[in-house]
Amino acid sequence: MIKKYRKKPVEIEAIQYIGNNVEEVEEFVGNQLLRYNNTQEENDYSLGIPTLEGIMKASVGDYIIRGVRNEFYPCKPEIFRITYDEV
């Protein structure tokens, strides 16, 4: 039998990676953050975020979320906006 479920309301902490705030993201995530230089530009990095499922890539504009088990994961901005409200 298929049932319906509602996601429990939960507060999370998050930071948006805007390209020039790698140090701030690193402070949030910790020293496990990986940087991948996309071009020769100084602030053009993709970030490797350590998650429970392994390393996930975060691009400029993505949000980095600290989950309920103190885990981190990236989230695309359009998904973030429809899923979360600022408190």
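Highlighted here are the strands (runs of 3 or more DSSP E) found entirely within region 1-85 that include at least 2 residues which are touching a Ser or Thr at 6+ places or on another chain (Cβ under 7 Å): 54-58, 72-75. If you check 60, 29, 10, 25 for being at pLDDT below 90 and aliphatic (A, V, I, L, M), only one passes: 10.
Only residues that are exposed (fewer than 13 other Cβ atoms within 10 Å of the Cβ) and more than 14 Å from residue 19 (Cα to Cα) were counted in region 56-65, giving 0. For residue 68, the conditions (1) in contact with a Cys (Cβ under 8 Å, 6 or more places away or on another chain); (2) open to solvent by 80 Å² or more (accessible area, probe 1.4 Å) are fulfilled apart from (1). For the structure I just gave you, tell me whether residue 48 is among the small types (Gly, Ala, Ser) and surrounded by 15 or more Cβ atoms within 10 Å (Cβ to Cβ). Yes; evaluated as a whole, the condition is true for this residue.
The values are calculated or read from the model by the stated rules, or taken from the named source; none is laboratory data. Quick caveat: nothing in here was measured; it's all calculated off a predicted structure. Counting neighbours? That spans all protein chains shown, and the Cβs are built from the backbone with ideal geometry, glycine included. Ligands, DNA and RNA are excluded from the accessible area calculation, which covers all protein heavy atoms including side chains. Shrake-Rupley method; radii C 1.70, N 1.55, O 1.52, S 1.80 Å.
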